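Student: Would you mind keeping the following structure in view while I ask a few things?
Just so it is clear, none of the values below were taken in a lab; they were calculated from the coordinates. Just so you know, these numbers come straight off a predicted model, no measurement behind them. Neighbour counts run over all protein chains shown; Cβ positions are idealised from the backbone, glycine included.
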Amino acid sequence: MPTRRSVLTAGLTAAGSAAWTAGALGPLLRSRHTPATRPVAATAPLVQKYSLPLPLPRVLQPYSTADGTDRYRLTMRPARAQILPGLWTDVLTYGGHFPGPVIRARSGRPVTVEQHNALDMPTSVHLHGASVSEQDDGKPMLTIAPGQQRTYTYPNNQPHASLWFHDHAHHMESEHVYRGLAGTYLLTDDLEQDLPLPSGPYDIPLAIRDARFDENGRLIYVMGDHPNRTTLLANGRAYPYLRVAARTYRLRLLNSANLRSIRLRLADGSDIVQIGSDGGLLPRPHTTDAIALSPGERADVIIDFSRYPLGTQLILNNTNLEGGPADQLGEVMRFDVVRTAVDHSEIPAQLRTLPPLPTPTAERTITLHMDEDGRPDPQGYINDKTYDPDRIDTLIRHGASEIWTVTNTNQFVPHNLHLHLVQFRILERDGQAPGPAESGLKDTVMVMPGETVKLQATFDTYRGTYLYHCHLIDHSAMGMMAQFKVA
Ligand code: C2O
Ligand code: CU
Ligand code: CU
C-alpha cells in the first residue's frame, strides 16, 4: 500500500496543479463507513464499451392538464437497470425510470408532482435551480416517510432553463442520488421557442456521472469514495453509443456525479458551441473545444455532425482524469454518424439579453472547507460550521441583491457552491472577469482549492428558509451545507 503522502503526491503530479486533485484524496475523504480503498480493477466487471445504445430518458405525460396546470404522479421505487452490458443492477427510481425521467414545463404554466414514496427510506424531492416556495423546495427535514406521499408545486415563474430534480433527504441524499433518484426538468419559454435551435429528436438530455460496481454489477456506495468510482455512465449506461444524423444536435449536458468533475472534449478536438448554462441560454454562443462541469452544473451545447463523413465514430472524451485510469475515465460515449438529415436549425449570434445587475445592497464572505488532514471522520464546513437544520446562517432582507465572496480554503479538495431559490451571476473568479461559459445565469459554481469567486444574487421572489451547499453531495452529507432566510 502506498502511504497517504505518496498517494497524494502522485495524484498531484499526475493531475497537474490546475486540475482537480480530489482523486488523490480518497484516503483523506473517507467517512467512518469506509473500508480501506481497493484498486477498482480487482472487483469491477469488465465492460465491453460501445455495445449498448445511449438510453434516451422517458418524457413523462401529465395525468391532468386541467385548469392550466400540468399534474404528474410518480412513485419512488426500486427497479433494475441494464447499466453494464449483460448485467442487471438494482437502482432507486422515480417511476421505475433509470435514467430518471424528463418533465417538460413551460414558464408561467404551473406543474405539480405527486410523489409517492415506495422505498424503505425517507425521501425529499428538490427541483434544482427552481424558484419555488419553501414547502416545495424538498427541504432535508421535510421528508416523505416510506409509504407516504407529498405533492410539490412548481409555479415556473422564471425563464427557460435546463433544471434537474433529485433527492435531498437529510444525510441520505448522496446515496439516494448515487443509486438513481435524479431526473431532468426542461423548462422552456417563448424566447427560447422562437430561436431556430435544434429541437425534437435533435435535442437530447445527456447526464454524465461516475459509479463503482462489484463483479456482479451491483452499485457500491461508500461516502467520499471518489477514486473508486471509475466507471463513467451516460444517461445511466456505461460507455454507450448514439447513432446520429450528419447534422447539428443540441445536447443538454448535466454532471450528475456525486463528486467527480468532468471536462468533455470531442476526440478530434473539434468545436463545441456552448449556448447555455445552469439558468438557460448564454447571452451569446461561445465556441470552445472543452466543457468543464462540476457536480450539479449544466451546459447546453450544439455539436455539428455534418462535418463528418457517414461511418464516422466519434468518441466523447473526459480529459479530467485526476490521476485515475484513462481507459475508464477518459471516455464517456461514442457518436456514430450513420445517416443524413435535413437541418434548418441555426445558432443566432445573440441568444438573449440578461437583465442588468441591480446595485448590490449587501456583501458577505463565505468560506468552504473540509477536513483534509486524514482524520477518520472528516466533516465539511461553511464558514467553519457544519449543517444545523435549526440554525439560520444568513439572514437576507427580501428584495436584497447581495455579493457573496466565496473562497475554498482547502489546499487540495475542490468544492462548488449551489444556492437554492435563485439564479445568480458570476462577477469574478480570482479577481478576473469570468469566462464566456460563466457569463449567463448560474445556480452552481465551481471553486477550486484556494480560489475565490464573487457572485451576485437577488432575493426578490419567495420569503423563507433555503439551503446553500457544496454540490459535491457527499460533502454536503458530511455537513457542508447551510441555510439562508429571506425575510
Ligand atoms: Cu441540487 Cu440542494 O441541490
Ligand atoms: Cu438546488
Ligand atoms: Cu465540497
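Student: Excluding residues on the same chain fewer than 8 positions from Lys139, give the lysines whose Cα lies under 23 Å from its Cα.
Tutor: Those lysines meeting the cut-off are Lys385, Lys442, Lys485.
Student: Mind checking the alpha-carbon convex hull of segment 321-391 and giving the volume per residue in Å³? Walk me through the numbers before you get to the answer.
Tutor: Working: hull volume 22.0 nm³, N = 71.
Output value, Cα hull per residue: 310 Å³.
Student: On to the next question. With contacts defined as alpha carbon pairs under 8 Å and 6 or more residues apart, what's the relative contact order of the chain in percent?
Tutor: 16 percent
Student: Here is a follow-up. Using label points projected 7 Å from each Cα along Cα→Cβ, tell me how many nm separate Thr153 and Leu266, to one decimal.
Tutor: A separation of 4.6 nm, rounded to one decimal place.
Student: Restricting the count to DSSP beta bridges whose residues both fall in the chain, what percent are antiparallel, rounded to a multiple of 5?
Tutor: Percent antiparallel among DSSP bridges in the chain is about 70.
Student: Let me spell out the model: positive unit charges on the Cβ of Lys and Arg, negative unit charges on the Cβ of Asp and Glu, origin at the Cα centre of the chain. What dipole size does that give, in debye rounded to 20?
Tutor: For this selection, approximately 740 debye.
Student: Could you give the nm distance between label points at Arg339 and Glu134, where each point is 7 Å from its Cα heading toward the beta carbon?
Tutor: Distance between label points: 5.3 nm.
Student: Send over the per residue convex hull volume for segment 362-486, Cα only, as a whole number of Å³.
Tutor: That works out to 94 Å³ per residue.
Student: Same structure again: What is the Cα centroid distance between segment 85-105 and segment 163-185, reported in whole angstrom?
Tutor: When both Cα centres are located, 12 Å separates them.
Student: Convert each backbone phi in segment 88-97 into a coupling constant with the Karplus relation 6.51 cos²θ - 1.76 cosθ + 1.60 (shift: θ = phi - 60°), then list the ³J(HN,Hα) values in order as whole Hz, x for Gly and Pro.
Tutor: These are the phi-based 3J(HN,Hα) values: 10, 10, 6, 9, 9, 9, 8, x, x, 9 Hz.
Student: Among bridges DSSP assigns within segment 362-486, what percent are antiparallel (round to 5)?
Tutor: 75 percent
Student: Cα gyration tensor of segment 66-190, axes a ≥ b ≥ c as square roots of the eigenvalues: rounded (a/c below 1.5), prolate (a/b > b/c) or oblate?
Tutor: prolate
Student: Restricting to segment 66-190, what percent of DSSP beta bridges are antiparallel, rounded to 5?
Tutor: The antiparallel fraction comes to roughly 65 percent.
Student: Ignoring everything except DSSP H segments at least 4 long, calculate the 222 nm mean residue ellipticity for the chain; use -39,500 (n - 2.57) per segment, divide by total residues, nearest 500.
Tutor: -1500 deg cm²/dmol
Student: Report the equivalent ellipsoid semi-axes for the chain in whole Å, largest first, defined as the square roots of five times the eigenvalues of the gyration tensor built from alpha carbon atoms.
Tutor: On the way: eigenvalues 167, 164, 117 Å².
For the chain, the ellipsoid semi-axes come out as 29, 29, 24 Å.
Student: Still on this structure, I have one more. Given charges of +1 on the Cβ of Lys and Arg and -1 on the Cβ of Asp and Glu, with all other atoms neutral, how large is the dipole of segment 178-233 about its Cα centre, in debye to the nearest 20?
Tutor: Rounded to the nearest 20 debye, it is 500 debye.
Student: May I pose another question? Could you pull out every residue, at least 5 positions away or on a different chain, whose amide H is within less than 5 Å of the one on Leu421? Hs are placed 1.01 Å off N in the peptide plane, and Pro or chain starts have none.
Tutor: Residues meeting the amide H criterion: Gly129, Ala130, Val132.
Student: Would you mind checking which residues have amide H under 5 Å from Gln148's amide H? H placed 1.01 Å from N; only 5 or more apart, or other chain.
Tutor: Asn117
Student: Among 376-389, 464-477, how do they line up by average Cβ neighbours within 10 Å per residue, starting with the highest?
Tutor: Top to bottom by mean Cβ count within 10 Å: 464-477, 376-389.
Student: Would you mind checking which residues have amide H under 5 Å from Thr231's amide H? H placed 1.01 Å from N; only 5 or more apart, or other chain.
Tutor: Ala211
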